[in-house]
Each structure stands twice: as structure tokens, then as C-alpha cells.
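Peer 1: Attaching a single structure in C-alpha cells format; questions to follow.
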Amino acid sequence: MAGFDEVSQLKPYKSMWRIKVKIIRMWKQYTAQGGETIEMVLVDSKGDKIHASVKKDLVEQFDPVLVEGFTKILINFAVTHACGSYRTTKHPYKIAFVNTTKVRPCEELPMNLTGFTPAKFLDVLDGSLNTDYLVDVIGQIVEYSHVEIVSVNGKDTEKITVELRNENDVRLTIVLWGKFAMNVSDAIQLRADHAVVCVLRFGKIKVWKEDRSVSNAYNVSDIAINPSMNEVQAFLALLPEDGLPLAIVEAKALPMVSMISEKEDFFIHTPRKTISEVLESRQTERCIVMCTIAAIESDMGWFYLSCKVCSKKVQTVPNDNDDGGFKYFCAKCKVYTPKMLPRYKLHLVVLDNTSNTKFLLFDNLGLQLLNQPCIELTGKVTDEVQNPDDLPIALTNLVGKTYLFKIGIEKENYLYKHDTYKVLKIITNADMIYEFDVNHDPSGSESTVCPQFSNVSEAPEGSMMILGSSSQVSESNSLTPAKRSGTPIMNLEEIFDQNSVTKTNAAVRIKKEKIEKSG
């Protein structure tokens, strides 16, 4: 039997090549010009890599026999020039399958043959690497932002920013989009008390002015947290033993021509409404509401159990013998007893100086508000049984705090009087909230924001009752609107009563605090 050609030998002058390679990355890609194609990165026993493509007319023929992670023998294929700004390998050529290409099963190449070649952080940062080539990155996550929903080319997309450090404590920013952002956020929430190592395969070096970062490149990239790899163990052995804690930070601005910034979205592109205007709206729209959390509607529960794989809520299925027991089922994955992760589902009673209503927000926004993954509050859970009167103090501490909410007004809200509005985005930064309040105050004489509160003093003077939680509220964000010619609203309880908010049994005493602009 003839031997195998080496990947490094492949050139366009013939097609009767015969190689034994492992498929280390495989994805489907759609373009208007080429339709849906299969794209792959292959590696041979010497570690040399090459890109391979299956055009749309041959996808049905080859899709059943090509599987990521498996080794195949490929016989008879075209070799063409590699080009473009998303090059997956340094090889000058790429493989193009033809209808007479043969794919044969064979003995697997070693498991540790991954083709992983991490770039040096300094090479990324100093501009010495060609940005047309995708790079591998490995580093310890030392900071990460909340998942944001940003508008890119008119479509809302998830985004998370993480900061990695290498063994020499050099820092590199990684920006992840879409499902990659969600997967990393979930993995970080499930972290244990050890270093969180991120491995990014085929990332794109991005340059904005003089700043460089690495981002996922469409479906090409792959990312894993603490994967079982020899390279990860070797990296961990080199890390300094300084016990550096993982920190949650504000997302770093990485402007793009096609991206609307969060500030632009809240300050310019989306109209502001008071709660009374929201309640009076008779059309489907998005708007910004500046309001104060008055209570947590605990009867609705504050978390749900999701499938760890697809993130969808799991269903309960009664046992066949009607013994009162049940099991969990993921309808999307079609799996019984899936691995589960608790996620936030918070029902907030909110008010401003015009009225009150209810907001619903889900996991990533809950993480942004609380700076704690849901699993840290629930602990390891095996069922959704919750005591409505036993809210974690981190939740009750939200009462009395003011934020900017971007909400959606849907048809069920104005046609069917559904009184809960879904929150799409939140701004919790005190400086931005203050700037928004100042810039959007139409009269310049009265603040539309309800005040922040503090538990600095336990003295009864000036205290008040806010219903719907069961713990004393901690010191709030330092939202400090500037002095105005009129008098700001100071009695949250009075507004709360006037607007007839539905109250629950538990209560908390909160001390009123005057609002001043910090220096």
C-alpha cells in the first residue's frame, strides 16, 4: 500500500494526493456567493495544518462521512491558493473537495494531536502578527464583564469582554459575541475555587486605533473553559501562585463602525418614557425608563432551572406510576435528567414619580444587577422548590436602587393589559444614570428619579417601610443628581402608596438619604 503525502508537500500541480489527517475544526458556513459550504482545518501526524472546503453542490455527498475530531484518509482533491482576511492556517494553499474525492476511515491519530499553537500575548499586542491569520490563545481569566446586548448591523447580539493574563502577567482583552459570549458566561458561573483558564481557537485579532484585542470569528472559532488538554496543565504549572481573584468589571468600549454603543442606544436612539407613558402606550416599541426598584415580586420565584447544554428551561415530567415524583426533561435536547444550571428570572416592582409597573428580567441582566452568578445564591439545586418569603439578601438589597431600563412594549401589554414588561438592557453605572437624568430633564427644575437609600444609620428617625422584601437594604449606587431649582421627590413610600403597588407580606425598613452630587 502506498504511503501518505505530508500536508506540507501539497501543491496545486496535481490532484492525486493521499493524506491521513485529523479534522480538528469543522463548521458550516453560508455566503450569498457560495451558498452553504463545509469548512475544516486538518492536521497531519507532523502537526502541519491546512484548510479544506466542500462546496455547496457536494455538501450532501460528504457531510455524513466528515466528523470533527476524527481521523480520515483523503484521496484525490484539488489544491488551490489560500487567501482572505480569516486565514485558519499558515499554509499557502487549501484543499477543495471534488466529486471524485475519496474519504476513508482509518486508525485514529493521537488524541493529543490538536494543532493548538497559542500566540504570545506580546506578539498580539505589539502588532507583529499579521491580522489576516486567525490565532490560538490561552490565558487565565482575571476579569470579565456582564453579558451585554448590543446592536450590530441592526441586530441585537450578546457580547462579553474578558481579560486574560499569561504566565508573565501580561494582559490581553478578549471580546466574544453571540453564543460564544453566552457559553463563556455560563462556564464562569460554574467555576470552582481554582484558576479559570480560557482556550480560544482561531480567534481574530482586532485593531481599534492603537488597541488590540482578540475576538471570535463567526463560526470559525471555538472556545473552552478549563478543557482537558496537556497545554492547559502545562500553562497552569507556569502561573504565579498569587491567588488572584476573578473580578466582574464594566464592559470595555471597543468601538466599531457598524456598532451602536450602549450610551448611544440609551441616550440617542431609543426614546425615554415615564412609567405612566409606558402604561398609556398603544404600540409595539422599545423605550428607556428611569425608575426605582420598589419590591421583588417573590411569589413568581426568582430563578429557574435550565439545561446546561442549550440554556433552555427544563420541564418537569410526572412519573408514570403517579407516586407524586417527577423527573426533568429538556425539550430541545430531548434528554431526560439533563445537567442543569439555575438562572435568574426576576420579577421587579418598579416606580417613578408618575406610576408603577412590573419588569421581568432574565439571567444575564440579573448577573449585571447582582454581580453574582445565580448558582452562588442558590447553591447546588436539584429542584425548583422555592420559599417565596425567603429571598437572598442580595436580592432584597436591590430595593430602593435606581437604574436605567430598556424595555419592550409588546402587543400583549397594550391589547391584553399584561402588566409586566420584559427588560432588554440595563445601565447600572451611576455616572451614566446621573448624566441621563440631567440631559433628559425637560424642565430643569425637578428630577424624575426616585431617591437612593442607605442603611448607614439604624435610627428610626426619617425611616420608612418598603414592602416586598425581607432584609434591610444595603447602601445603593451613588446616584447623585445635581441641585435643581425645584424639590426632588423624596418620599418613596408616598408614591408607592399613591400608585397602588401590589404588596407582599414581608417588609424592610429603609432610611431616606438626601441626594447630592459627589465631588
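The values are calculated or read from the model by the stated rules, or taken from the named source; none is laboratory data. These figures come from a predicted structure and were not determined experimentally. Cβ: placed from backbone, ideal geometry, glycine included. Neighbour counts: every protein chain shown. Side chains are part of the model used for accessible areas, which takes the heavy atoms of the whole protein and leaves out ligands, DNA and RNA. Shrake-Rupley method; radii C 1.70, N 1.55, O 1.52, S 1.80 Å.
Peer 1: Going by the structure shown, is residue 36 in contact (Cβ under 8 Å) with a residue 12 or more places away in the chain and in contact with a strand residue (DSSP E or B) (Cβ under 6 Å, 6 or more places away or on another chain)?
Peer 2: So residue 36 fits the description; yes.
Peer 1: Next up: Among the listed residues 279, 305, identify the single one that is in contact (Cβ under 8 Å) with a residue 60 or more places away in the chain, at negative phi, open to solvent by 30 Å² or more (accessible area, probe 1.4 Å) and among the hydrophobic types (A, V, I, L, M, F, W, C).
Peer 2: 279
Peer 1: Of all residues in segment 159-182, count the ones that are surrounded by fewer than 19 Cβ atoms within 10 Å (Cβ to Cβ), in contact (Cβ under 8 Å) with a residue 40 or more places away in the chain and under 27 Å from residue 265 (Cβ atoms).
Peer 2: 1
Peer 1: What number goes with the only condition from (1) in contact with a Ser or Thr (Cβ under 8 Å, 6 or more places away or on another chain); (2) in a strand (DSSP E or B) that residue 108 does not pass?
Peer 2: (2)
Peer 1: Hey, another quick one. Which of the numbered conditions does residue 130 fail, given that it passes all the others? Conditions: (1) polar (S, T, N, Q); (2) part of a strand (DSSP E or B); (3) open to solvent by 40 Å² or more (accessible area, probe 1.4 Å).
Peer 2: If we test residue 130 against (1) polar (S, T, N, Q); (2) part of a strand (DSSP E or B); (3) open to solvent by 40 Å² or more (accessible area, probe 1.4 Å), just (2) comes out false.
Peer 1: While we're here: Quick one: is residue 250 buried (at least 17 other Cβ atoms within 10 Å of the Cβ), at pLDDT below 85 and not aromatic (Phe, Trp, Tyr)?
Peer 2: Against the criterion (buried (at least 17 other Cβ atoms within 10 Å of the Cβ), at pLDDT below 85 and not aromatic (Phe, Trp, Tyr)), residue 250 does not qualify.
Peer 1: Quick check on segment 101-122: of everything there that is of a type in the set (A, V, I, L, M) and open to solvent by 60 Å² or more (accessible area, probe 1.4 Å), which residue is modelled with the lowest pLDDT?
Peer 2: 111
Listed here are the residues, each with its yes/no results for (1) among the basic types (Lys, Arg); (2) part of a loop (DSSP other than H, G, I, E, B); (3) open to solvent by 20 Å² or more (accessible area, probe 1.4 Å); (4) modelled with pLDDT of 90 or more.
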residue: 375; (1), (2), (3), (4): no, no, yes, no
residue: 388; (1), (2), (3), (4): no, yes, yes, no
residue: 399; (1), (2), (3), (4): no, yes, no, yes
residue: 417; (1), (2), (3), (4): yes, yes, yes, no
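Peer 1: Further, regarding this structure: Quick one: which strands (runs of 3 or more DSSP E) sit completely within segment 136-231 and have at least 1 residues that are within 14 Å of the chain's Cα centre (by Cα)?
Peer 2: The strands (runs of 3 or more DSSP E) meeting that bar are 148-152, 155-165, 171-177, 211-216, 222-225.
Peer 1: Can you pull out the residues in segment 100-154 that are touching a Phe, Trp or Tyr at 6+ places or on another chain (Cβ under 8 Å) and among the acidic types (Asp, Glu)?
Peer 2: Scanning segment 100-154 gives 108, 132, 136.
Peer 1: Just the residues that are touching a residue at least 40 places away in the same chain (Cβ under 8 Å) and more than 23 Å from the chain's Cα centre (by Cα), please, taken from segment 329-375.
Peer 2: Residues satisfying the conditions are 349, 350, 351, 352, 353, 354, 355, 356, 357, 358.
Peer 1: I'm told residue 299 meets every condition in (1) part of a helix (DSSP H, G or I); (2) at pLDDT 85 or above except one. Can you identify the failing condition by its number?
Peer 2: (2)
Peer 1: Then there's this: Only residues that are out of contact with any Leu (no Cβ under 8 Å at 6 or more places or on another chain) and of a type outside the set (A, V, I, L, M): list them for segment 195-216, please.
Peer 2: 201, 209, 210
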